[in-house]
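Participant: Let me begin by handing over the structure; questions about it come next.
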Amino acid sequence: MSKKIINLIILLPLAIILVILCVANRQAVTLALNPFRPEDGVLSFTAPFFVFLFLAVIFGVLLGSAATWFAQGKHRKRARIEAKEAVRWHDEANRQKAAAGQLPQVGQLPAK
């Protein structure tokens, strides 16, 4: 229940800010991708300004996520190696327990 309230406290103002941003930036803007001939219509896109803002934010989030994922690769590799080692030690402990269970008890003579 508290998670829903916290999400509401965070997401509601964020949604209001996004709506205000969209309303304030409705003007059509042309993005020209040809720096030598900006009037060339082949490599230009016309859209409301908030579309370009949202695309820039989305691109930044994706780029940051990818950079973080690649930067943490060494930690994920180490975790995989340690998990495999833990399983190997757990199996060895089980084998040792089974072998100890087959040994005669201390103070008992083997049956004749």
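The values are calculated or read from the model by the stated rules, or taken from the named source; none is laboratory data. No experiment lies behind these values; they were computed from the predicted model shown. So basically every Cβ, Gly included, is an ideal-geometry build from the backbone, and we count neighbours across all protein chains shown. Calculation scope for accessible area: heavy atoms of the full protein, side chains included, ligands and nucleic acids excluded. Shrake-Rupley method; radii C 1.70, N 1.55, O 1.52, S 1.80 Å.
Participant: Tell me, what is the 1.4 Å probe accessible area of SER65, in Å² to the nearest 10?
Facilitator: The accessible area comes out at roughly 70 Å².
Participant: Sticking with this structure for a sec: How about segment 15-112: which GluC sites (Glu not before Pro) there lie in a loop by DSSP and see at most 13 other Cβ atoms within 10 Å?
Facilitator: Numbers: sites: GLU39, GLU82, GLU85, GLU92; in loops: GLU39.
Taking segment 15-112 and a limit of 13 other Cβ atoms within 10 Å, the loop GluC sites (Glu not before Pro) found are GLU39.
Participant: What is the spin-label model distance, in nm, from ALA93 to GLN27 if the labels are put 7 Å beyond Cα along the C-beta direction?
Facilitator: 6.8 nm
Participant: Using the alpha-carbon atoms, what tilt in degrees (0 to 90, nearest 10) does helix 49-71 show relative to the longest principal axis of the chain?
Facilitator: Relative to the chain, helix 49-71 is tipped by roughly 20 degrees.
Participant: Separate question: Distance in nm between label sites at THR68 and LEU103, each 7 Å beyond Cα in the beta-carbon direction?
Facilitator: Simple spin-label model gives 5.1 nm for this pair.
Participant: In segment 1-66, which trypsin sites (Lys or Arg not before Pro) fall in coil by DSSP and have 11 or fewer other Cβ atoms within 10 Å?
Facilitator: Values: sites: LYS3, LYS4, ARG26; in loops: ARG26.
Listed in order of number, the matching sites are ARG26.
Participant: Could you tell me how many degrees, from 0 to 90 and to the nearest 10, lie between the Cα long axis of helix 2-24 and the main elongation axis, the longest principal axis, of the Cα atoms of the chain?
Facilitator: 20 degrees
Participant: What are the extents of the Cα atoms of segment 1-90 along their three principal axes, in Å, largest first?
Facilitator: 68, 44, 14
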